[in-house]
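A short write-up of the structure that comes next.
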Amino acid sequence: MKNTLNFPFPRQLQMWQILAAACWMLLLGSTYGCDENRGNVNPEANMNISQIISYWGYPYEKYDIVTKDGYILGTYRIPYGRRCLEKTAPKPVVYLQHGLVASASDWICNLPNSSLAFMLADDCYDVWMGNSRGNTWSRKHVTLSPTSAEFWAFSLDEMAKYDLPATVDFIIEKTGQEQLYYVGHSQGTTIAFIAFSTNPELAKRIKIFFALAPVVTVKYTQTPLKKISKFSREAIKALFGDKMFHPHTPFKHFVATKVCSKKIFHHLCSRFLFTHAGFDMKNLNMSRLDVYMSKTPAGTSVQTMLHWGQIFNSDRLQAFDWGNPYQNMEHFHQVTPPLYNITKMEVPTAIWSGGQDIVADPRDMENLLPKVANLFYYKMIPYYNHIDFYLGQDACQEIYPDLVRLMKECL
């Protein structure tokens with residue numbers, strides 16, 4: 001039997017050990033009066049999503065959207081921006097969907113002049129930000145408790161089948177708009193490709209699908225998360241259980257605010273982000289590492305990770321395999337999980353990818369592009385990694401102006 005101490009992310013475990021040692025150094029330093037390299041913690045590092053929006057002077061609304069299968073999704077709205085004079089007039093609606101083990105905070109973690117949600121609001125868009133079931137802000141259910149295994153029995157399938165339709169329907173009803181713009185990052189594009197290709201009525205409500213670092217084919221992905229596919233379902237559950245995967249914990253928050261706020265640890269803390277995303281240190285605002293690290297990871301289900309492991313192994317975007325023909329028959333009316341045929345998706349699509357992205361590898365992107373039936377815009381940024389699309393300091397020059405231009409051309 002292999003040593004589970006090396007499973008499945010040895011480099012990350014080593015870095016956590018180093019950070020744990022750093023925490024002890026900080027505690028001892030504080031005890032003995034050593035306050036060198038003291039860092040100023042950004043106030044947003046200790047704020048929730050609503051507080052961050054208010055902190056920067058923007059209005060917000062928070063809604064709990066209930067899906068058909070009973071999950072309660074925390075959804076946030078910025079109805080207009082600080083520079084938008086038409087506060088009460090109807091505005092084009094934009095919906096932002098985060099990636100794996102992330103949350104809506106991704107879109108507001110940077111300063112207002114470089115955070116997509118704030119920039120869109122200032123440009124007089126009605127901005128909505130979703131949270132996938134199981135993350136920090138969507139960990140509630142009408143009847144199930146998050147302490148139960150039943151609560152965590154979901155994967156990409158349910159996010160696409162229930163979460164997106166419920167959220168889009170709610171926004172359409174609330175705003176009175178017939179269509180909205182959809183911006184997804186990473187897994188936020190995966191569930192969109194699934195939903196828009198299998199639910200034609202939902203697809204009709206999407207004016208443009210903006211896909212940032214889309215992940216569909218993963219033959220060449222180099223993310224350490226791919227190691228999860230090398231182990232059996234039983235081994236993964238033995239290590240992680242059958243409930244929550246990679247939630248934000250008090251210890252991780254302590255590291256974010258007490259360690260990553262200090263310049264001496266910036267390089268070490270940034271490696272947690274870059275190990276999973278690809279390296280582009282010059283494009284990350286190191287002074288805000290405590291904010292980034294205080295919001296991520298936001299958690300998901302172990303079953304979602306099993307689903308990704310299945311996709312890594314097969315290199316096919318396919319529904320979750322429940323492990324035996326009887327359960328598959330119960331869920332899909334066939335003994336094997338159905339494949340998702342994204343070529344059926346006809347939503348107008350714009351794609352951005354990165355040359356240094358180890359998750360959405362450029363070679364996988366070459367395989368994806370011909371399958372997108374209504375692709376009308378594509379841009380590859382050679383030095384971008386997987387998180388530059390929402391954290392990159394120059395995303396407000398490289399991506400967001402073109403994104404807004406394409407929206408305005410569609411009005």
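The values are calculated or read from the model by the stated rules, or taken from the named source; none is laboratory data. Keep in mind that what you see is a predicted model, and the values were worked out from it rather than measured. Here the Cβ is made from the backbone with ideal geometry for all residues, glycine too, and neighbour counts use every protein chain on show.
Looking only at the stretch 347-379, count how many residues are of a type outside the set (F, W, Y), exposed (fewer than 15 other Cβ atoms within 10 Å of the Cβ) and not in a helix (DSSP H, G or I).
So the count comes out to 3.
Scan the stretch 395-402 and tell me whether some residue there is part of a helix (DSSP H, G or I) and in contact with an Asp or Glu (Cβ under 7 Å, 6 or more places away or on another chain). Give the steps one after another, and end with the answer.
Residues of the stretch 395-402 that are part of a helix (DSSP H, G or I), as a first pass: 395-398, 400-402.
From what is left, the residues that are in contact with an Asp or Glu (Cβ under 7 Å, 6 or more places away or on another chain) are 395.
The answer is yes; a qualifying residue exists.
Is it the case that the stretch 281-289 has a residue that's outside any helix (DSSP H, G or I), buried (at least 17 other Cβ atoms within 10 Å of the Cβ) and in contact with a His (Cβ under 7 Å, 6 or more places away or on another chain)?
Let us first name the residues in the stretch 281-289 that are outside any helix (DSSP H, G or I), namely 284-285.
If we keep only those that are buried (at least 17 other Cβ atoms within 10 Å of the Cβ) too, we end up with 284.
Keeping just the survivors that are in contact with a His (Cβ under 7 Å, 6 or more places away or on another chain) gives none.
Within the stretch 281-289, none of the residues are outside any helix (DSSP H, G or I), buried (at least 17 other Cβ atoms within 10 Å of the Cβ) and in contact with a His (Cβ under 7 Å, 6 or more places away or on another chain).
Here's a check for you: in the stretch 74-102, which residue that is among the polar types (S, T, N, Q) and within 15 Å of V183 (Cβ to Cβ) is surrounded by the fewest Cβ atoms within 10 Å (Cβ to Cβ)? I'd like the intermediate steps shown before the answer.
Pass one, the stretch 74-102, residues among the polar types (S, T, N, Q): 75, 88, 97.
From what's left, within 15 Å of V183 (Cβ to Cβ): 75, 97.
Working: T75: 23, Q97: 29.
Applying the filter and picking the extreme gives T75.
With the condition kept exactly as written, say whether any residue in the stretch 314-327 is farther than 30 Å from A160 by Cβ and free of Cβ contacts under 8 Å to residues at least 40 places away in the same chain. Talk me through it step by step, then tell me what you get.
Narrowing the stretch 314-327 to residues farther than 30 Å from A160 by Cβ: none.
Looking through the stretch 314-327, none of the residues is farther than 30 Å from A160 by Cβ and free of Cβ contacts under 8 Å to residues at least 40 places away in the same chain.
Among D394, D357, D364, which is the only one that is at pLDDT 95 or above, on the phi < 0 side of the Ramachandran plot and in contact with a His (Cβ under 8 Å, 6 or more places away or on another chain)? Steps first, please.
Working: D394 fails: in contact with a His (Cβ under 8 Å, 6 or more places away or on another chain); D364 fails: in contact with a His (Cβ under 8 Å, 6 or more places away or on another chain).
When all the criteria are applied, what remains is D357.
Mind telling me which of the residues A235, A277 ends up being within 20 Å of the chain's Cα centre (by Cα), modelled with pLDDT under 95 and of a type in the set (A, V, I, L, M)?
Numbers: A235 fails: within 20 Å of the chain's Cα centre (by Cα).
That would be A277, the only listed residue that is within 20 Å of the chain's Cα centre (by Cα), modelled with pLDDT under 95 and of a type in the set (A, V, I, L, M).
Only helices (runs of 4 or more DSSP H) wholly contained in the stretch 154-203 count here; list those with 3 or more residues that are among the hydroxyl-bearing types (S, T, Y).
The qualifying helices (runs of 4 or more DSSP H) are 187-198.
Just checking, which of T217, T175, T223 is surrounded by fewer than 24 Cβ atoms within 10 Å (Cβ to Cβ), of a type in the set (S, T, Y) and more than 29 Å from I358 (Cα to Cα)? Break it down into steps so the answer makes sense when it comes.
Details: T217 fails: more than 29 Å from I358 (Cα to Cα); T223 fails: more than 29 Å from I358 (Cα to Cα).
Only one candidate qualifies: T175.
Quick one: count up the residues across the stretch 123-146 that are in contact (Cβ under 8 Å) with a residue 60 or more places away in the chain, more than 18 Å from L180 (Cα to Cα), part of a loop (DSSP other than H, G, I, E, B) and not aromatic (F, W, Y).
Qualifying residue count, the stretch 123-146: 11.
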